[in-house]
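Right, one structure below, let's go through it.
Throughout, read-outs are computed from the coordinates displayed, never taken from laboratory work. The shown structure was predicted, so the numbers you read here are calculated from the model rather than taken from an experiment. A quick note on method: Cβ atoms are made from the backbone with ideal geometry, for glycine too, and the neighbour counts reach across all protein chains shown.
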Amino acid sequence: MLFNSYPFIFLFLPVVLLGYFALGRRGNLAPVIWLALASLAFYSFSNWQFVALLVGSVAFNYGIGYLLIARKLRPPLRFVVLTAGVAGDLVVLGIFKYAGFLAANFNALFSTGITLHILLPVGISFYTFTQIAFLVDAYRGNVARYALPHYALFVTYFPHLIAGPILHHKDMIPQFERAETKRPDAHLILCGLIIFAIGLFKKTCLADGIQPLVSLAFGPNAPTFDQAWIGALAYTFQLYFDFSGYSDMAIGISLMFGIFLPLNFNSPYKARNIIDFWRRWHMTLSQFLRDYLYIPLGGNRHGRILRYVNLMITMLLGGLWHGAAWTFVAWGALHGAYLCINHAWNNYGPDVAPRFVRLADIAALILTFLSVVVAWVFFRADSIDTALYVLSKMADPTHIAFGKGEMAYALFVAIYAMVAWFASNTQEIMGYDHANRTVAEKLRGLRLRPLFLYATAAVLAFGILGIQQHSEFIYFRF
Amino acid sequence: MSVALKNLVRFLGASAAFVLMAAALNFVVDPLQLLRPARLFPAMYSPDSRMQNAGLIRSQDFDTVLMGTSLALHFRQSDIDKALGVRSLKLVMSGSTSKEQSFVLAAALERHPKRVIWQMDDWIFRDAPDVDSESYFPADLYRRNAKGIAGYLFSGAMARESAWILARSLPPLRPVVTRLTNGVMFKFPISEVDDINALRSDYDVAGFYNAKNSEASFQRISDPVRSNYLAEGYVYHAMVANFERDAIGLIESHPDVKFDIYFPPYSILQFVAMRDASPATLKIVYDFTAYASQRLARCSNVRLHDLREVKEITHDLGNYGDVIHHSPAIDLKVLSLLARGQYVVDRTAPLASLQRLKEQVEAYRVEKP
């Protein structure tokens, strides 16, 4: 089921909200169970064949977590249990996500004829990573014992389940345990609706609107220089508004239940370097990779050379996490290289003279953006060859079409760029403060300015009117 | 009621009001003319045939329907009317499958036309999934069920077109909106039915339809790297099943309608490419043609015209933009051939024309560059 669908907006969400608050009058546990069951139902609408896998994964990890938290095991045994837990998760992830990729490469190398057709369970990357973090924290002694319904809800919670953000148990489970979240709060519901509306608008009106232009670069016809750039930039903004829209919708939906989800997106194209970009793009994945991969690898504690090696490993695996294809590996490698260059520049590069700071900032923003665009070409292309082909067209100004169509398309792209660079983002507009569990505090208890209220109502209306039958989120594939 | 609750109610109420206003705009303007022929506002049309056809079927007067793929896309209804003495409606859809064509024809036949002219070839029967599984085919618009009508009225994209059509109808705004009417800003850019998907008068016909382009296309498709595409989807039994369901099923359920079916005049290079690069595919094409010709010969309401053997067209490579798509001049020739009935397949010898085509294909030699 998609957030940007009529059944979700007009049927599923209202029913689940009503049930949740109705049960909230009876106690603290029933709404949690209701929400966990609703989440499984949400998942089963489009992935019924993998519900058992999801439930099995929850049971397995809860069991491993129980051994690590509640049983007083000796340290070596604790390590064995953790290893078994993480290995179990990675084996399942590996089979479903990477077995086909490995077989294809094996076939290419040894001319064998192994054929594997394994469907990818939607959201497996997200719920696997979520639970690996839980197990590692349990091993480190950073987890209190949680009741099974709360744990199950933490993993399956439908606003995040199939496309993130990657949740952290310490952030979420205490919220599920609070009695206040079971009572309807008109302020939170309104703010959640407004945030959802902005996200829906981004998805249905902006991301879906520019999607057709992507085929200029990645379609069947050979693109000219301008078409290749328009197509690559169109994808750059399609992905931006698609992902940003999804993240907003997830936060908005969750807020209606009184639960604050972490931010996952903070105007990444405003970043002035790649380090900053990764603090703004898919923020929860960046945090996961930092805390559970880069730092355990050694981080920056063993000298600069090893730091660069660790960065490359982290980003290569981060790329592979997005999909089992060499294009994603290339994308991760590019970002790894960008990060190494960025850190090297910070260490060895010259300081900018004060009078050139503004100019340097603009140049840094443009350079960062262009680097990201080049990497997105690999992310979008169906093969390395296709990516190199598109990039070669982007570097060949001898063939330019620039007809009426291209001019109009370039104008579209420019408008999208203006929105991405100059408009306030949703959390700024709404004053969403995840850490302090507050949103739009200035508006609480006050009459909203009519213009703001009606403008956001129009945004919701446009978002609903823009719903198309076939418009999945790009991140569903990961 | 608390202030927050009042705000929530106002917000939901305002959202609902905006949505209903958009639906009302679509209802009044009715860009597709799905609910009524254009009266309040000048009619505008979209080149997206799969969507536009649903409205054309409801809003136009016609006694003859033309169906086909991109090979019949550039026909003008006025030319059809003149050549055949009919009042036609073109429902051609580029790249359409037999299932799509049959579905649209069935909807059009509910308006009781007397005649169907159907550009039919083996290609449409290769892969013909159900229309509801096709992403870009709005099947419910044709069914005119609640889902289709609601989807139409509550569509933001349609509301944008309605607003444009409304703006275009206001004299002070007309010049500006007309200038923006290029299909990019405004998806309903055509003001005459006759111009839907017809080539514009300033189109460089000679620049696209010439021997150089068709020969280059031949080289491309016969290249060993790409020749696999020639065989894509050609599975004899599946094609026959699709033919029985989509063509024969429709024809036999409308015995009072006259079907003029024609096999389009591909360039000879199309068959020669199969002969040289994918002979198994050519055999399937021949076998399928034999089956279809014999089967259609048994339908008393069908007249089959096999234009693939019209040497004066198919052997003149200057008529083509690639190996199959012919120029608008050949469209007119096709109409005159249909009117004269010169290449009607003899019911008593339905395989004779196929035999002549086979001989032509066998005899043709490609000149090496």
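Charges at C-beta only: +1 for Lys and Arg, -1 for Asp and Glu. How large is the resulting dipole of the protein assembly as shown about its Cα centre, in Debye rounded to 20? Present the calculation step by step, with values, prior to reporting the outcome.
Values: 77 positive and 63 negative charges, 567 e Å.
Using only the charged Cβ atoms, the result is roughly 2720 debye.
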Query raised in the report: Under 20 Å Cα-Cα from B:LYS283, which aspartates and glutamates qualify once same-chain neighbours fewer than 8 residues away are excluded?
Result: B:ASP121, B:ASP122, B:ASP127, B:ASP223, B:GLU232, B:GLU244, B:ASP306, B:GLU309, B:GLU359, B:GLU362
Query raised in the report: How much length, in nm to one decimal, is gained on full extension between A:SER383 and A:ILE33, taken as 0.36 nm per residue of separation minus their Cα-Cα distance?
Result: 121.6 nm
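Which trypsin sites (Lys or Arg not before Pro) in the stretch B:39-76 pass both tests, a DSSP loop state and at most 15 other beta-carbon atoms within 10 Å? Don't jump to the answer; show the numbers that get you there.
Working: sites: B:ARG39, B:ARG50, B:ARG58, B:ARG76; in loops: B:ARG39, B:ARG76.
Those satisfying the criteria are B:ARG39.
Quick one: dipole size for chain A, taken about the Cα centre, charges +1 on Lys/Arg Cβ and -1 on Asp/Glu Cβ, in debye to the nearest 20. All intermediate terms of the calculation are to be shown ahead of the outcome.
Working: 34 positive and 22 negative charges, 285 e Å.
Magnitude of the dipole: close to 1360 debye.
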Query raised in the report: Can you tell which of A:ILE400, B:SER162, A:ILE467 lies farthest toward the positive end of the dipole of the protein assembly as shown, using +1 and -1 charges on the Cβ of basic and acidic side chains (Lys, Arg; Asp, Glu)?
Result: A:ILE467
Query raised in the report: Along the charge dipole of chain B, Cβ charges K/R +1 and D/E -1, which of B:ALA72, B:ILE261, B:ASN7 sits furthest on the positive end?
Result: B:ASN7
Report summary line: Once the in-chain neighbours fewer than 8 apart are removed, the lysines whose Cα is under 26 Å from A:LYS182 read A:LYS170, A:LYS442, B:LYS6
Query raised in the report: When only Cα pairs under 8 Å and 6 or more residues apart are kept, what is the percent relative contact order across the stretch A:83-142?
Result: 41 percent
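With the Cα gyration tensor of the stretch A:67-216 giving a ≥ b ≥ c as the square roots of its eigenvalues, does the rule (a/c under 1.5 for rounded; else a/b larger than b/c for prolate; else oblate) give rounded, prolate or oblate? Kindly include the intermediate steps, with their values, before the conclusion.
On the way: a/c = 3.40, a/b = 1.04, b/c = 3.27.
In terms of gyration-tensor shape, oblate.
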Report summary line: For the table B:LYS99/B:LYS187; B:LYS311/B:LYS358; B:LYS187/B:LYS333, the rows whose alpha-carbon distance is greater than 20 Å are B:LYS99/B:LYS187; B:LYS187/B:LYS333
**Report entry** For the stretch A:2-12, Karplus couplings with θ = phi - 60° (6.51, -1.76, 1.60), whole Hz, Gly/Pro x
**Finding:** 9, 4, 8, 9, 4, x, 5, 6, 9, 10, 4
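Are there any chymotrypsin sites (Phe, Trp or Tyr not before Pro) in the stretch B:101-204 that are in a DSSP loop and have at most 13 other Cβ atoms within 10 Å? List them by number. Kindly include the intermediate steps, with their values, before the conclusion.
On the way: sites: B:PHE103, B:TRP118, B:TRP123, B:PHE125, B:TYR136, B:TYR142, B:TYR152, B:PHE154, B:TRP164, B:PHE186, B:TYR203; in loops: B:TYR136, B:PHE154, B:PHE186, B:TYR203.
Qualifying residues, ordered by number: B:TYR136, B:TYR203.
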Query raised in the report: How many angstrom separate the Cα center of the stretch B:117-169 from the Cα center of the stretch B:275-354?
Result: 30 Å
Query raised in the report: If you build a Gaussian network model of chain B, linking Cα atoms that sit under 10 Å apart, which residue out of B:ARG356, B:ARG179, B:ARG303 swings the most?
Result: B:ARG179
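For the stretch A:262-369, which trypsin sites (Lys or Arg not before Pro) pass both filters: DSSP loop (anything but H, G, I, E, B) and at most 16 other C-beta atoms within 10 Å?
Numbers: sites: A:LYS270, A:ARG272, A:ARG279, A:ARG280, A:ARG290, A:ARG301, A:ARG304, A:ARG307, A:ARG355, A:ARG358; in loops: A:ARG272, A:ARG301.
Qualifying residues, ordered by number: A:ARG301.
If you stretched the chain out fully between A:ASN346 and A:ARG304, how much longer would it get, using 0.36 nm times the residue separation minus the C-alpha to C-alpha distance? Each step should come with its number before you reach the end.
Values: separation 42, 0.36 × 42 = 15.12 nm, distance 1.22 nm.
Going from the current span to full extension adds 13.9 nm.
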Query raised in the report: Just going by the charge dipole of the protein assembly as shown, with Lys and Arg at +1 and Asp and Glu at -1 on Cβ, which of A:TYR98, A:ALA217, A:LEU82 is farthest out on the positive end?
Result: A:LEU82
Report summary line: Asserting the computed 222 nm helical MRE of the protein assembly as shown (DSSP H runs at least 4 long, -39500 (n - 2.57) per run, divided by residue count, to nearest 500) equals -18000 deg cm²/dmol
Report summary line: Karplus ³J(HN,Hα) for the stretch A:373-379 (6.51 cos²θ - 1.76 cosθ + 1.60, θ = phi - 60°; Hz, whole; x = Gly/Pro) runs 4, 4, 5, 4, 4, 5, 4
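Report the charge-dipole magnitude of the stretch A:374-440 in Debye, nearest 20, computed about the Cα centre from +1 at each Lys and Arg Cβ and -1 at each Asp and Glu Cβ. If you can, show how the numbers build up before the last one.
On the way: 4 positive and 6 negative charges, 22 e Å.
Roughly 100 debye, rounded to the nearest 20.
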Query raised in the report: In whole angstrom, how far apart do the alpha carbon centroids of the stretch A:366-402 and the stretch A:253-280 sit?
Result: 26 Å
Query raised in the report: Residue-wise, which Karplus ³J(HN,Hα) couplings in Hz belong to the stretch A:454-464, taking 6.51 cos²θ - 1.76 cosθ + 1.60, θ = phi - 60°, and x for glycine or proline?
Result: 6, 5, 6, 5, 5, 4, 4, 4, 4, x, 5
**Report entry** Amide H partners (placed H, <5 Å) of B:HIS305, local residues excluded
**Finding:** B:ILE261, B:TYR262, B:PHE263, B:VAL345
Report task. Using amide H atoms built 1.01 Å from N in the peptide plane, name the residues 5+ places from B:ILE190, or on other chains, whose amide H lies under 5 Å from its own. Result -> B:TYR45
Query raised in the report: Between B:VAL116 and residues 5 or more places away or on another chain, which pairs have amide H atoms under 5 Å apart, with H built 1.01 Å from N, and which residues are they?
Result: B:VAL65, B:LYS258, B:PHE259, B:ASP260
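Can you pull the mean other chain C-beta count within 10 Å for peptide B:152-161?
4
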